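Engineer: One structure, pasted below without further comment.
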Amino acid sequence: MVYENMEVQAKDRLAKMITERDNTHKEIFAEFLKQYQQRPVTHS
């Protein structure tokens, strides 16, 4: 019973970490897009 509870907590923590990481990636990507769109794009 105690072990199961620990496992659930570990999974929750892992899920939280993954969510935070994904949010960080989204922020970085959004920032990158902003920078990219400000540049004049020349198609050769």
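What follows is calculated from the coordinates using simple rules that are stated; it is not laboratory data. All of these numbers come straight from a predicted model, not from anything done at the bench. Ideal geometry is used to build each Cβ from the backbone, glycine not excepted, and the neighbour counts take in all protein chains shown.
Engineer: Nearest 10 degrees is fine. How inclined is helix 2-38 to the longest principal axis of the chain, computing both from alpha carbons?
Structural biologist: Roughly 10 degrees, rounded to the nearest 10.
Engineer: Let me ask something else. Nearest 20 debye, what's the magnitude of the dipole of the chain about its Cα centre given +1 on Lys and Arg Cβ and -1 on Asp and Glu Cβ?
Structural biologist: On the way: 7 positive and 7 negative charges, 56 e Å.
It comes to approximately 260 debye.
Engineer: Positive end of the charge dipole of the chain (Lys, Arg +1 and Asp, Glu -1 on Cβ, about the Cα centre): tell me which of THR24, TYR36, LEU14 has its Cα farthest that way.
Structural biologist: In the chain, that residue is TYR36.
Engineer: Per 5 Å bin, what percent of the C-alpha pairs of the chain does each bin hold, from zero upward?
Structural biologist: With 5 Å bins starting at 0, P(r) equals 5, 19, 12, 13, 11, 9, 9, 6, 5, 5, 3, 2, 1.
Engineer: Name the lysines eligible as straight-distance cross-link partners of LYS26: C-alpha to C-alpha under 20 Å, and not fewer than 8 places from it in the same chain.
Structural biologist: LYS16, LYS34
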